[in-house]
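**Q** Attaching a single structure in structure tokens format; questions to follow.
The values are calculated or read from the model by the stated rules, or taken from the named source; none is laboratory data. Values in this document were obtained by computation on a predicted structure and should not be read as measured data. Because the Cβ atoms are built from the backbone with ideal geometry, glycine has one as well, and the counts that use them run over all protein chains shown.
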Amino acid sequence: MNPSTRRRTVADLAGLPIERTLHRATPFLKWAGGKSQLLAAYEQNFPYEFRSYFEPFTGGGAVFFYLKNSRPAFDATLSDLNGELVNCYTMIRDEVEVLIKELKKHKNEQEYFYAVRALDPAKLTEAQRAARLIYMNKTCFNGLYRVNSKGQFNVPFGSYKNPRFCDDTNLRACSAALDGVEILHQPFHHVLKTAKKGDFVYFDPPYHPLSSTANFTSYTKNSFSAEDQETLAEVATRLHKRGCMFMLSNSDTPFIRDLYKQFEIKTIYAMRAINCKADGRGPVAEVLVTNY
């Protein structure tokens with residue numbers, strides 16, 4: 001029996017849709033600063049084998065899903081300070097069919113979008129909250145996730161002709177990739193509680209602004225300050241002394257380079273997609289910091 005036939009048999013016996021085990025999982029959200037476009041450049045910098053994987057700023061999860069598709073099996077812990085995002089990952093891992101059912105209730109209409117945006121997540125079920133997040137992410141302007149000081153999603157309708165906000169094949173594949181993964185709602189420094197020698201930690205924090213007017217860190221109601229960047233560098237240094245491998249992405253600024261001057265720093269170019277001016281979108285230098 002060839003491998004693909006064996007996997008189909010396992011899927012059938014488990015009562016799962018076949019695509020949940022055969023499809024390569026890719027990010028289920030569009031995420032500002034997402035790393036899908038940079039994975040080819042990152043590949044030569046990833047360690048091939050590691051004990052466990054930690055991603056304290058999970059966001060769209062592009063690096064996690066890539067490693068799941070390209071590396072030997074590993075334990076993983078994903079965490080983020082965005083509670084709605086953590087709930088979404090948890091629902092995909094644990095209740096993907098319930099989530100898909102909720103997503104199929106939504107529709108790509110402007111008036112409907114604003115009605116959904118106005119809903120109080122605290123009054124929704126966990127499945128409804130997760131479906132709301134994916135729906136708004138796929139139908140809002142530029143796939144941008146942004147909240148105001150009260151933590152309320154405030155991105156306008158995107159007017160896309162046919163957004164695919166219910167990609168059930170990929171959602172099932174993501175559920176399979178997340179099987180057994182620990183998903184936590186916590187700040188980044190908590191990685192110090194569990195990461196051990198031989199583990200790999202990838203940090204993708206809100207980027208340090210290139211200028212005083214370029215700051216976009218409102219993925220939660222709390223901004224990410226220069227002091228937070230300094231704390232993150234201290235966490236990375238402690239992981240290094242512990243024998244952990246870490247990789248970190250950030251903007252290419254003198255401040256960031258100085259924070260990580262004791263480590264390997266490479267320049268990577270990314271396409272900037274979010275800018276109010278069209279001529280401000282294009283290749284922008286970022287740094288990739290590693291300690292191995």
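**Q** Cβ contacts < 7 Å: first residue polar (S, T, N, Q), restricted to region 177-201; second residue part of a strand (DSSP E or B), any location; separation 6+ or different chain. Result?
**A** Hits for this filter: GLN186/SER79; THR194/THR77.
**Q** Please give the number of the condition SER70 fails out of (1) free of Cβ contacts under 8 Å to residues at least 60 places away in the same chain; (2) touching a His at 6+ places or on another chain (Cβ under 9 Å).
**A** Only one criterion is unmet by SER70, namely (2).
**Q** When the residues of region 38-54 are narrowed to those that are loosely packed, with under 14 Cβ neighbours inside 10 Å and either in contact with a Lys or Arg (Cβ under 6 Å, 6 or more places away or on another chain) or charged (D, E, K, R) (or both), which ends up modelled with the lowest pLDDT?
**A** Top of the filtered list is GLU49.
**Q** Can you tell me which of VAL235, VAL287 is farther than 23 Å from GLN44 by Cβ, at pLDDT 95 or above, surrounded by 12 or more Cβ atoms within 10 Å (Cβ to Cβ) and within 21 Å of the chain's Cα centre (by Cα)?
**A** Values: VAL287 fails: farther than 23 Å from GLN44 by Cβ.
After applying the criteria, what remains is VAL235.
**Q** Between THR58, THR77, which is closer than 21 Å to ASN291 by Cα, in contact (Cβ under 8 Å) with a residue 12 or more places away in the chain and touching a Leu at 6+ places or on another chain (Cβ under 6 Å)?
**A** Working: THR77 fails: touching a Leu at 6+ places or on another chain (Cβ under 6 Å).
Being closer than 21 Å to ASN291 by Cα, in contact (Cβ under 8 Å) with a residue 12 or more places away in the chain and touching a Leu at 6+ places or on another chain (Cβ under 6 Å) holds for just one of THR58, THR77, which is THR58.
**Q** Taking the residues in region 63-90 that are of a type in the set (Gly, Ala, Ser) and under 19 Å from ARG146 (Cα atoms) as candidates, determine which candidate is modelled with the highest pLDDT. First the steps, then the outcome.
**A** The initial filter retains those residues of region 63-90 that are of a type in the set (Gly, Ala, Ser), namely 70, 73, 76, 79, 83.
Narrowing further to those that are under 19 Å from ARG146 (Cα atoms): 79, 83.
Details: SER79: 98, GLY83: 95.
In this case the residue turns out to be SER79.
**Q** Checking the structure you have, find out if any residue of region 101-116 is crowded, with 18+ Cβ neighbours inside 10 Å, within 17 Å of the chain's Cα centre (by Cα) and not in a loop (DSSP other than H, G, I, E, B).
**A** No, every residue in region 101-116 fails to be crowded, with 18+ Cβ neighbours inside 10 Å, within 17 Å of the chain's Cα centre (by Cα) and not in a loop (DSSP other than H, G, I, E, B).
**Q** Only one of CYS174, CYS166 is touching a residue at least 40 places away in the same chain (Cβ under 8 Å) and surrounded by 21 or more Cβ atoms within 10 Å (Cβ to Cβ); which?
**A** That would be CYS174, the only listed residue that is touching a residue at least 40 places away in the same chain (Cβ under 8 Å) and surrounded by 21 or more Cβ atoms within 10 Å (Cβ to Cβ).
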